[in-house]
Amino acid sequence: MVKRFAVIGNPIEQSRSPELHFAFAKKLGIELDYQKRLAPIDAFASHVTDFFAQGGSGMNVTVPFKEQAYALCDVLTERAQIAKAVNTLWQQDGKLHGDNTDGQGLVDAILALNWSLQDARILILGAGGATRGVIYPLVKAGAKQIVIANRTLQRAQQLQSDLKGAVPEVELQVMELTALSGEFDLVINATSASLTGEALSLPPELKFHHAYEMAYGKPSTFIDQAKARGVPHTEGFGMLVGQAIEAFSIWHGVKPELKDFL
Ligand code: ATR
């Protein structure tokens, strides 16, 4: 029987996960089914339980359910434990397993651009779930220094104190968004500003050499500023493909090539 997969979220119509998983499957000669599932905000857990009880093989989880998915799992990977969020589910020996492939998706997308992460000095804008999910994979990929800059400094400090034990090998610092300065190899915009159509202004004293916008398909004042400075820049479609590839490889044991799908 063809294995069944799904992506669950609310809203879900916008999700590009089915087209990506079908594209990987076609390229690798695997047959699968992959549907979108809309779950009511208060009925996430029962939808997941029903899906696996009915023989589903794996699920991707998107906004706003990644934290609930984390709480639901019996077994978590190390990176999911650190992210405190899960975007990939599967069942094994009667237990619900969860992983978070977002951070590795970002790392793979950055490396596919031939931007180096080895000994990199990285500035991450924002201190929400998106930032939490990517720090550990960036450190494992070789980052030397990570600065978290946030509008609300206290939230960045909280994240720093939560994560520093998990990544002792990196210098993890915090800054207030308005007080940004220094020079970085890479700046990652992990705020939700572009998603909500808000402007983000970077001070001229801030120097950087590469710019990654996690959002995609939205006007981004962050990308505008990278362009104005002549800095190589990209938006988050590569990360989306990267996280999907990583989920696919967990479920199917084979890993599609990122560059084939960009
Ligand atoms: P996500 O899970 O996508 O990270 P989140 O947890 O709601 O979403 O976090 C959103 C992040 O974007 C926060 O760091 C937020 O800053 P605050 O902690 O100060 O709220 C940041 N953010 C959202 N809108 C912003 C804006 N217009 N300018 C700067 N930062 C913004």
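Quick notes on this structure:
- Rough spin-label spacing in nm, given labels placed 7 Å along Cα→Cβ, for Glu31 and Ala53: 2.8 nm
- For the pair the range 30-77 and the range 215-236, the centres of their Cα atoms are 33 angstrom apart.
- Dipole in debye (nearest 20) - the range 103-238, about Cα centre, beta carbon charges: Lys, Arg +1; Asp, Glu -1: 120 debye
- Computed from backbone phi, the HN-Hα couplings of the range 125-141 come to 8, x, 9, x, x, 5, 5, 3, x, 9, 4, 4, x, 5, 5, 5, 7 Hz, rounded to whole numbers (Karplus: 6.51 cos²θ - 1.76 cosθ + 1.60, θ = phi - 60°; Gly and Pro given as x).
- Choice from Arg229, Arg132, Arg37 with maximal GNM fluctuation in the chain (Cα, 10 Å cutoff): Arg229
- Electrostatic tally near Trp115: other residues with Cβ closer than 12 Å to its Cβ, Lys and Arg +1, Asp and Glu -1, net -2.
- The lysines within cross-link reach of Lys218, meaning a Cα-to-Cα straight distance under 28 Å and a gap of 8 or more places when in the same chain, are Lys36, Lys66, Lys84, Lys207, Lys227, Lys259.
- Most fluctuating residue given options Ile148, Ile82, Ile30, as computed from a GNM of the chain linking Cα atoms under 10 Å: Ile30
- Separation between Cα centres of the range 108-148 and the range 84-107, rounded to whole Å: 19 Å
- Taking the Cα centre of the range 3-100 as origin and assigning +1 to Lys and Arg Cβ atoms and -1 to Asp and Glu Cβ atoms, the resulting dipole is close to 260 debye.
- Rounded to the nearest 20 debye, the dipole size of the chain about its Cα centre is 140 debye, using +1 on the Cβ of Lys and Arg and -1 on the Cβ of Asp and Glu.
- The radius of gyration of the Cα set in the chain, together with its Dmax, comes out at 18.3, 59 angstrom.
- Stokes-Einstein translational diffusion, the range 103-238 - Kirkwood Rh over all Cα pairs, 0.890 mPa s, 25 °C, in µm²/s: 168 µm²/s
- Size of the range 1-101: Rg and Dmax of its alpha carbons, in Å, are 13.0, 37.
- Cβ crowding within 10 Å, taken as a proxy for footprinting-reagent exposure, orders Tyr70, Tyr136 from fewest neighbours to most as Tyr70, Tyr136.
- Selection among His21, Leu159, Thr101 by position relative to the dipole of the chain gives His21 as farthest towards the positive end (Cβ unit charges, Cα centre).
No value in this document is a laboratory result; all are computed from the given coordinates. Source: prediction; values computed, not measured. Cβ sites come from the backbone with ideal geometry, for glycine too, and all protein chains shown count toward neighbours.
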